[in-house]
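Here's the structure, in structure tokens; my notes come after.
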Amino acid sequence: MKFNIVEEDTGVYGRIEEIPDGEDIATCFICNANPDPEFDGPLKYCSASHRELHEIDDVDRVDENILEFHPFRVLYRPEVGRYMVASRDLQPGEVIFSEEPLAMGPSHDALPCCLDCMKPANGFVCPQCQMPVCEEMCALGEEHAKECDILSRLKEKKIIDDFTEPSKIYWVITTLRCLQWRDADPEKYAIIQRMMDHNKEWKLDKESSWSLYNENVVSFLIDKCGLDGQYTEEEIFHALGVLDVNSVKINSGAQVVNGHGLYPLTSLLSHCCISNSKTVLKSDYSLDCKTTSFIRAGEEITKQYTSPLEPTQMRQEKLRSGWYFNCRCTRCLDPTEGGSFTSATRCLRCGDGTIMPNNPVDFKPTSIWKCQTCGHTSNLEAINKLISYFLEKLKQPEVRSSVGALEDMLEKSARLFHPSHYVVTLVRIKMNVAYIDLTHRMFGDGGDHADEQEPAEVYMRRKELLDDIHKVIELVDPGLSRRRGLSLFEMSTCHLQLGRLLYESERFPLEEFIQLINNEIPSLTEAIECLSDAREGTNENQIHYRAECALHEAEVMQRLLEQKNKALGTAGAGAAILPPAQSS
């Protein structure tokens with residue numbers, strides 16, 4: 001039995017109501033077709049290929065001769081549709097499932113790229129359709145073949161000569177790759193047909209966007225590519241809608257542009273503002289779904305669609321705009337947001353109180369926000385205006401790159417918002433980056449103070465910022481999440497550099513420095529675990545490598561200092577055996 005906190009008619013944050021567990025699905029778990037009794041397993045399957053989505057690959061089985069299944073079940077509730085739950089207890093870092101994309105391609109804002117491997121365009125074009133590809137092998141590649149013949153039908157070929165701007169012709173690529181399964185593999189296309197597209201809401205809420213895609217994708221394919229009679233407008237719009245609400249972003253790395261992929265099992269994961277899983281893209285664009293925290297058998301497996309650092313009203317707006325639903329997770333229903341207070345503001349009337357919403361899921365401009373100490377009230381419109389003011393300020397180059405301007409913003413925002421509010425945390429993040437850039441400019445190669453040691457005071461300030469940032473992340477993005485891994489790395493390396501500078505200047509006793517290293521080694525180890533699955537070429541992969549180097553350096557330093565401490569028999573100073581400190 002699950003629980004949901006619901007709103008009373010009074011609009012006050014409410015009571016707890018039991019929600020019946022979901023129902024087992026009597027049809028194929030992935031496409032909704034009638035099941036075939038020939039294909040046994042924990043779920044219902046209509047075909048061998050759909051059961052294979054649930055099967056663990058031979059190489060990952062304990063016994064390759066015994067059929068094993070990924071540890072999840074799929075259930076149904078009317079208010080959410082299909083969703084995924086754990087079929088057994090799952091430990092942090094465990095792979096829940098692995099899968100290949102049904103379709104993938106460049107995102108609609110991607111710069112011109114090779115249509116086979118998605119590397120940035122280099123000027124070479126496919127001899128047949130005149131679209132950018134890397135080389136002749138890519139022109140003949142499997143991915144590009146899915147649309148090459150259709151794009152070749154254009155009477156006027158789309159010649160792309162500006163590689164610095166996105167081109168609308170890329171909007172049709174992944175859509176075509178979805179549609180081609182209708183004839184090439186009906187079982188795969190059945191999965192796409194089952195997926196929700198939210199096209200009614202899209203057309204109603206975003207009429208201009210609907211018209212834009214109607215012109216640049218639907219009409220383009222039917223009229224200019226000669227697909228009238230092959231695909232209907234409804235089929236094309238359904239593929240567009242499915243990609244809009246179900247695709248996974250493929251962030252650009254060192255070698256590829258931004259893209260998106262459609263992953264059938266991942267589409268079953270519901271959103272939760274504090275999730276228990278993450279999706280991990282590998283170099284071949286296959287995907288692993290891994291747990292970030294312990295999941296009990298029967299517990300829903302969830303992922304985050306939005307940033308967990310943002311306040312409830314911002315997350316909800318993005319969920320309504322991008323996925324057409326209102327979240328009712330325990331965090332959204334809690335005015336304190338699980339004790340993180342990322343939405344809360346300070347009360348200027350009494351000076352000590354915290355202003356929070358009476359009903360955290362009432363998003364009318366007039367909804368009441370109340371001070372918990374003196375009872376003073378405000379409303380959502382005023383709160384949002386305050387947030388918008390600071391966010392607009394942070395967009396200004398002269399602010400976000402200036403330590404002085406950001407210090408001023410932090411002082412002002414801390415007077416108006418709770419210390420853990422999203423705005424305050426965002427200012428701290430920008431300040432940390434600004435301090436790093438400043439020290440590199442001053443003390444790095446070519447700087448005016450390149451021959452001097454970086455001042456410990458900079459690391460002291462960064463330590464304060466990073467510690468405060470990490471406290472929020474521990475609450476809103478816990479476990480083996482990427483964001484927590486990055487935060488642990490930044491925080492731990494800053495602590496170690498500060499400790500080292502203080503020790504070398506004889507301002508930090510040897511035994512305390514050893515204790516600091518002992519405390520930071522587990523944090524670096526956990527950061528490495530959080531980022532261990534980062535895809536090659538991404539920023540996270542570089543941070544993972546740097547965390548491994550930092551851990552190795554800390555362990556070497558630990559051994560040298562313990563030897564020194566043992567030899568001295570006291571907590572004496574002196575750092576002659578240590579290499580010079582390096583900036584994090």
Note the angle between two axes, namely the Cα long axis of helix 422-443 and the longest principal axis of the Cα atoms of the chain, as a number of degrees from 0 to 90, rounded to the nearest 10.
70 degrees
Quick check on the chain: of the DSSP beta bridges with both residues there, what percent are antiparallel, nearest 5%?
95 percent
With the charge dipole of the range 393-568 built from beta-carbon charges (+1 for Lys and Arg, -1 for Asp and Glu) about the Cα centre, the Cα from 534, 549, 429 projecting farthest to the positive end belongs to 429
Using a simple spin-label model with points 7 Å from Cα along the Cα→Cβ vector, what separation in nm is obtained for residue 552 and residue 122?
3.1 nm
How long is the gain from residue 59 to residue 438 if the chain were fully straight, where each residue apart is worth 0.36 nm and the alpha carbon distance is subtracted?
131.5 nm
Any idea what the dipole of the chain comes to, in debye rounded to 20, about its Cα centre with Lys/Arg Cβ at +1 and Asp/Glu Cβ at -1?
1700 debye
Find the centroid of the Cα atoms in the range 361-438 and in the range 203-253, then give the distance between the two in whole Å.
38 Å
I want the antiparallel fraction of DSSP beta bridges within the range 103-262, as a percent rounded to 5.
90 percent
Restrict the search to the range 151-203; then list the GluC sites (Glu not before Pro) that DSSP places in a loop and that have at most 13 other Cβ atoms within 10 Å of their Cβ.
156
What helix-only [θ] at 222 nm does the chain give? Using -39500 (n - 2.57) per DSSP H run of at least 4, over all residues, to the nearest 500, the answer is -12000 deg cm²/dmol
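For the chain, what does the relative contact order come out to in percent, with C-alpha contacts under 8 Å and a separation of six or more? Mind showing how you got there, number by number?
Working: 984 pairs, mean separation 64.8, N = 584.
Here the relative contact order equals 11 percent.
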Can you give the charge dipole size of the range 122-246 about its Cα centre, rounded to the nearest 20 debye, using +1 on the beta carbon of Lys and Arg and -1 on the beta carbon of Asp and Glu?
120 debye
Taking neighbour counts of Cβ atoms within 10 Å as a proxy for exposure, in what order, fewest first, do 549, 494, 225 appear?
549, 225, 494
Based on the Cβ-Cβ distance of residue 398 and residue 207, what FRET efficiency does E = 1/(1 + (r/R0)^6) give at R0 = 41 Å, to the nearest 0.05?
0.65
Going toward the positive end of the dipole of the chain, with +1 on Lys and Arg Cβ and -1 on Asp and Glu Cβ, which of 121, 319, 239 do you reach last?
319
Against the 2.2 N^0.38 Å rule of thumb, the C-alpha Rg of the range 393-568 sits at a ratio of 1.10
In Å and whole numbers, how far do the C-alpha atoms of the chain stretch along each principal axis, longest first?
82, 65, 55
Taking neighbour counts of Cβ atoms within 10 Å as a proxy for exposure, in what order, fewest first, do 486, 496 appear?
486, 496
Residues 286, 275, 98, 208, sorted so that the one with the fewest Cβ neighbours within 10 Å comes first:
208, 286, 98, 275
Report the full-extension gain for the segment residue 196 to residue 66: residue separation times 0.36 nm, less the Cα-Cα distance, to one decimal in nm.
43.4 nm
Would you mind getting me the FRET efficiency between residue 32 and residue 299? Use the beta-carbon distance for r and R0 = 22 Å, nearest 0.05.
0.35
Evaluate E = 1/(1 + (r/R0)^6) for residue 376 and residue 321, where r is the Cβ-Cβ distance and R0 equals 22 Å; express this FRET efficiency to the nearest 0.05.
0.10
Positive-end extreme of charge dipole, the range 103-262 - chosen from 210, 105, 140 (charges on Cβ):
105
Counting alpha carbon pairs within less than 8 Å and at least 6 residues apart, what relative contact order, in whole percent, applies to the range 393-568?
15 percent
Please work out how much length the chain gains when fully extended from residue 223 to residue 448, using 0.36 nm per residue of separation minus the C-alpha to C-alpha distance, in nm with one decimal.
74.7 nm
Label-to-label distance, nm, for residues given as residue 408 and residue 162 (7 Å Cα→Cβ offset)
3.7 nm
How high is the relative contact order of the range 261-369? Use alpha-carbon pairs under 8 Å, at least six apart in sequence, and give a whole percent.
19 percent
With +1 assigned to the C-beta of every Lys and Arg and -1 to the C-beta of every Asp and Glu, and no other charges, what is the dipole magnitude of the range 22-171 about the Cα centre in debye, to the nearest 20?
740 debye
Relative to the longest principal axis of the C-alpha atoms of the chain, give the angle of the C-alpha long axis of helix 510-530, reported between 0 and 90° and rounded to the nearest 10°.
0 degrees
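Values quoted throughout were computed directly from the atomic coordinates according to the rules given, and no laboratory measurement underlies them. Here the structure is a predicted model, which means the values were calculated and not measured. Don't worry about glycine lacking a Cβ; one is built from the backbone with ideal geometry, like all the others, and counts go over all protein chains shown.
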